[in-house]
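First comes the structure, then the notes that go with it.
The values are calculated or read from the model by the stated rules, or taken from the named source; none is laboratory data. Remember, it's a predicted structure, so these values are computed and weren't measured experimentally. Cβ coordinates were reconstructed from backbone atoms using ideal geometry, including for glycine residues, and neighbour counts include every protein chain displayed. The protein model used for the area step is the full one, side chains on, heavy atoms only, and it has no ligands, DNA or RNA in it. Shrake-Rupley method; radii C 1.70, N 1.55, O 1.52, S 1.80 Å.
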Amino acid sequence: QVQLVESGGDLVQPGGSLRLSCAASGSISSRYNIYWYRRAPGKQREWVASITSGGLANYPNSVKGRFTISRDNAKNTVYLQMNSLKPEDTAVYYCNTIIGMTTYWGQGTQVTVSP
């Protein structure tokens, strides 16, 4: 069974940094694309980063230059380094992957950016 477990969320001041982790069961992180999304209160879910099995990263303009996605295949873990955090980055962050016809989600990790 596929499992994704996010961690690393915390309360941080504006301008601060956090690194989120997405630990995947088996060798998922190296074989499949991994995506990070977030959902802020009262808002729709938003894609924030992705990394392909080949290591190609992509970001929306809202986080480009501030967020970096990376992968450690030996640890079956994908990371999301978030710098220069803003209050509008406050959200629950989720990682997911799609295998065949099934989308798998982790339980999410809360990031709060506040003075």
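Sorting Met101, Met82 by accessible area (1.4 Å probe), largest first, what list results? Before the final figure, lay out each step's value.
On the way: Met101 190, Met82 0 Å².
My answer, sorted largest first, is Met101, Met82.
Count the net charge of all other residues whose Cβ sits under 11 Å from the Cβ of Ala23, scoring Lys and Arg as +1 and Asp and Glu as -1.
Working: positive: Lys75; negative: Glu6, Asp72.
Taking every other residue near Ala23 into account, the sum is -1.
Just round it to a whole percent: the fraction of Cα-Cα distances in the chain exceeding 16 Å.
Result for the distance tail: 55 percent.
Between Gln13, Gln44, Gln81, which gets the highest mean-square fluctuation from a Gaussian network model of the chain, Cα cutoff 10 Å?
Highest fluctuation of the listed residues: Gln44.
Provide the net charge surrounding Thr52, with neighbours chosen by a C-beta distance below 11 Å and charges set as Lys +1, Arg +1, Asp -1, Glu -1.
+2
Would you calculate, for the chain, the mean residue ellipticity at 222 nm contributed by helices, counting each DSSP H stretch of 4 or more residues as -39,500 (n - 2.57) and dividing by all residues, to the nearest 500? Working shown, then result.
Details: 1 runs with 4 residues, N = 115.
Mean residue ellipticity, 222 nm, calculated: -500 deg cm²/dmol.
If packing is taken as the mean number of other Cβ atoms within 10 Å per residue, what is the order of 52-61, 69-78, highest first?
69-78, 52-61
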